[in-house]
Amino acid sequence: MAVLVAALSLRLTLALVLPYDAGPDERRRYDAILHMYQTGRAPRYPAETNDHYLIKPVLGYRISAYLAHLVPGDLPLFRKFRLGSVLVSGLAIACAYAAVRNLWPREHGMAVAITTMFAFHPQFLFIGSYFNADAYTVMVNTALFFLLAVIHRRGALQTATALALGAVLGLLFLGRENGYAGFLLAGGYGLYLWRAGRQNVRALAIALAVFLVFPTAFYLNQYRVYHRAYIPVVVGSGIAWVPPGLTVEQAAAQLPVEQMDYGVRHLRWTSASDWIAFVSFLFLSSFGVFGYMDIGLPSWWYSWYLFLVVSAGVGLVCSLGGCRRAVAADVRSRRWLLGSAAMAGAALVAIVVRHNFTVVFQPQGRYLMPMLLPALVLLHLGWRKLPLERSLPQFITWLATAFFAAGGCATVWLLVQYYA
C-alpha cells in the first residue's frame with residue numbers, strides 16, 4: 001500500500017505541475033479528448049478531425065475524457081484529462097503486486113521488490129502523468145498477466161476466471177496496437193492449458209467467446225459510422241494513424257502543417273550507424289527519456305541500468321542448465337507462463353524494430369512498456385540466479401529495487417526543475 005500511495009503521489013505531482021504539452025503529443029490528442037468530453041463520442045474522421053488514429057480503438061482516451069467529469073474544482077481541463085492516466089497506472093501497480101503474489105505465494109519480499117521497481121520505473125512513471133493511450137495499454141497487459149498468474153496458482157482455468165480472461169482480452173483489443181503483444185502472451189499460456197487437460201478446453205472456449213464480443217461490437221459500430229471496417233494491422237504501413245491504402249508520407253501530408261514538427265523518415269537496414277543509433281536510444285528510453293524524447297537523466301543512471309540488465313542476463317543464462325530437469329507441475333506451469341511472456345516481449349521488440357526501419361524513426365522505449373512487468377520479473381529472477389556467494393545475489397536484488405525507486409524520484413525532481 002505504501003508503494004502504491006507513494007507512486008501515485010509522484011504521478012499526481014507531475015500531472016498537476018507539468019505545463020501543457022510536457023507529455024509527448026498532448027497537443028495532438030487534446031482536441032480529440034476534448035470532443036469526447038463534450039459530446040461523449042470520438043470525433044469522426046475525416047469530417048470532424050484529421051487524426052487518423054481515431055478510426056481505431058481509443059478507450060484509453062475515452063477514460064481520460066469521462067473521468068474528467070468526476071473531478072471537481074477549477075483545474076484546467078488538460079490537467080483533469082491527465083488524471084485518467086494516473087488512475088489506470090494505480091490499477092496496473094495493484095495488478096503487478098497481485099500477479100507476483102500468485103506466482104510465488106510465499107515470496108512476499110519478492111512481490112514488494114518487483115512492484116516497487118514497476119511502480120517507480122522512470123518511463124512508466126512519466127507515462128502515468130500525462131494523457132495518452134500508453135498507460136491504459138500497460139494496465140490491461142498487467143491485468144492480463146495477473147489473471148494468468150491466478151490461473152497458474154489454481155492449476156486450472158475455471159469458468160469465472162475464463163469470463164474475466166475474455167473480458168481483459170477484449171479490453172486489450174481496445175488499447176494501442178503495441179499492447180497486442182498480450183495476445184501472444186495469452187496464446188502461449190493458453191496452449192499450455194489446452195495441453196494440460198480437457199477440463200480447460202471448455203473454459204478456453206468461453207474466454208474466446210467473451211473476447212470476440214468486443215471486436216464484434218467495435219466493428220459493428222465502426223461500420224455504422226464509416227460504412228466500412230478499418231482493420232488494425234502490423235503489416236503494410238504498420239503505424240496506428242495511417243489508414244489502409246495510404247503511405248506514411250500521404251497520411252502525414254493530410255495533417256495540418258503546424259502539427260508536424262519532425263520529418264517522416266525511417267532507418268536503413270544496412271546502415272551500421274542507424275542500428276547503433278536505434279539500439280542506443282531504445283535502450284536509454286526503455287529506462288527513461290522524457291518530454292519529446294529530449295530530456296534525460298544524468299548519464300550515470302543509464303550506466304547503472306546497463307550493469308543491472310547485463311547482470312540479470314548473465315544470471316538467466318546460468319539458470320538455463322536446470323530447465324531440463326523434471327519439475328513439479330506448478331513449476332512447469334510458471335516456466336511456461338514466463339516463457340510465453342518472453343516470447344511476447346521478443347515479438348514486441350521485433351515490431352518496434354520493423355517500425356523504425358520500414359515506417360518512421362521513433363525508437364521510443366514507451367512502446368515496450370506493455371511487457372514491463374514480465375521483463376522486471378525476469379530481471380529479478382536473473383539477479384537471484386547469479387553464480388555468486390549466496391548473499392550477493394540478494395544484495396544486488398535489493399540494490400536494483402532501491403535504484404528503480406530512486407530513479408522514479410529523480411525523474412520527478414528532474415522534470416519539476418526543468419519546467420520550473
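The conditions of being assigned to a helix (DSSP H, G or I), farther than 30 Å from Val168 by Cα and not aromatic (Phe, Trp, Tyr) are met by Val317.
Of all the residues in segment 162-195, those that are surrounded by fewer than 20 Cβ atoms within 10 Å (Cβ to Cβ), more than 19 Å from Val138 (Cα to Cα) and in contact with a Leu (Cβ under 7 Å, 6 or more places away or on another chain) number 1. Scan segment 376-420 for residues that are farther than 21 Å from Leu4 by Cβ, small (Gly, Ala, Ser) and touching a residue at least 24 places away in the same chain (Cβ under 8 Å) and the total you get is 1.
Scanning segment 132-161 for residues that are under 18 Å from Ser9 (Cα atoms) and at pLDDT below 95 yields a count of 0.
Of these, Arg62, Arg27, which one is closer than 23 Å to Ala143 by Cα and surrounded by fewer than 22 Cβ atoms within 10 Å (Cβ to Cβ)? Spell out the reasoning first.
Numbers: Arg27 fails: closer than 23 Å to Ala143 by Cα.
Every option except Arg62 fails the conditions.
In the set (1) touching a Leu at 6+ places or on another chain (Cβ under 9 Å); (2) under 30 Å from Trp398 (Cα atoms); (3) not charged (D, E, K, R), the condition left unmet by Ser85 is number (1). In this entry, Ile276 is excluded by the filter for residues that are surrounded by 13 or more Cβ atoms within 10 Å (Cβ to Cβ) and either on the phi > 0 side of the Ramachandran plot or modelled with pLDDT of 80 or more (or both). If only residues of segment 16-26 that are out of contact with any Phe, Trp or Tyr (no Cβ under 7 Å at 6 or more places or on another chain) and in contact (Cβ under 8 Å) with a residue 24 or more places away in the chain are counted, the one that is nearest to Gly288 (Cα to Cα) is Asp25.
For the structure I just gave you, tell me whether Ser303 is modelled with pLDDT of 80 or more and surrounded by fewer than 18 Cβ atoms within 10 Å (Cβ to Cβ). Talk me through it step by step, then tell me what you get.
Details: modelled with pLDDT of 80 or more: yes; surrounded by fewer than 18 Cβ atoms within 10 Å (Cβ to Cβ): yes.
It is true that Ser303 is modelled with pLDDT of 80 or more and surrounded by fewer than 18 Cβ atoms within 10 Å (Cβ to Cβ).
For segment 37-54, the count of residues that are surrounded by fewer than 20 Cβ atoms within 10 Å (Cβ to Cβ) and touching a Gly at 6+ places or on another chain (Cβ under 7 Å) is zero. Residue count for segment 404-420 satisfying the condition of being within 11 Å of Val17 (Cβ to Cβ) and of a type outside the set (Phe, Trp, Tyr): 5. List the number of the failed condition for Val5; all other conditions in (1) touching a residue at least 24 places away in the same chain (Cβ under 8 Å); (2) surrounded by fewer than 21 Cβ atoms within 10 Å (Cβ to Cβ); (3) not basic (Lys, Arg) hold. Every listed condition holds for Val5 apart from (1). In segment 334-390, the qualifying residues are those that are of a type in the set (D, E, K, R) and within 19 Å of the chain's Cα centre (by Cα), and the one that is modelled with the highest pLDDT is Arg366.
The values are calculated or read from the model by the stated rules, or taken from the named source; none is laboratory data. All values derive from a computational prediction rather than experimental measurement. Cβ sites come from the backbone with ideal geometry, for glycine too, and all protein chains shown count toward neighbours.
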